[in-house]
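To start, the structure itself, in structure tokens.
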Amino acid sequence: MSILDKVFKSKDIDKDKLREEVIAQLKTIYDPEIPVNIYALGLIYEVFVDEDANVVIQMTLTTPGCPVAQTFPTTIETTVNNLASVNSTAVQVVWEPPWTTSMMDEEARVTLGMF
């Protein structure tokens, strides 16, 4: 889809459906140091979609000193923007609440042997 197609696409979107598509896309992104996707790790705190198909993702990292802290948000924005139905994506890295292993889902715990 070209940028013009995105600009002129219908404003009549299903925000809940788009949010689910974004979450599915986030599940394809893996932490570079842990063999688990970022959604299962609990790094994604919120996914907001507005009526214009703009997406804002609030997320955290496992530690403030994470080696990909400067580049990972851009990787996530690019990956989500690959969805034809998304107009734009912004990632906000937040540190509250701090990430803990209790935020991982069952899939992540099983994969990492933490059950």
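Checking each residue in region 31-50 for being at pLDDT below 95 and loosely packed, with under 14 Cβ neighbours inside 10 Å picks out PRO32, GLU33, PRO35.
Note on region 51-68: among residues that are under 12 Å from ASP31 (Cβ atoms) and more than 13 Å from the chain's Cα centre (by Cα), the one that is surrounded by the most Cβ atoms within 10 Å (Cβ to Cβ) is THR62. In region 69-89, which residues are without any contact (Cβ under 8 Å) to a residue 40 or more places away in the chain and loosely packed, with under 14 Cβ neighbours inside 10 Å? Within region 69-89, ALA69, GLN70, THR71, THR74, THR78 qualify.
The values are calculated or read from the model by the stated rules, or taken from the named source; none is laboratory data. This is a predicted model, so every value here is computed, not measured. Positions of Cβ are generated from backbone atoms using ideal geometry, with glycine treated the same way; all protein chains shown enter the neighbour counts.
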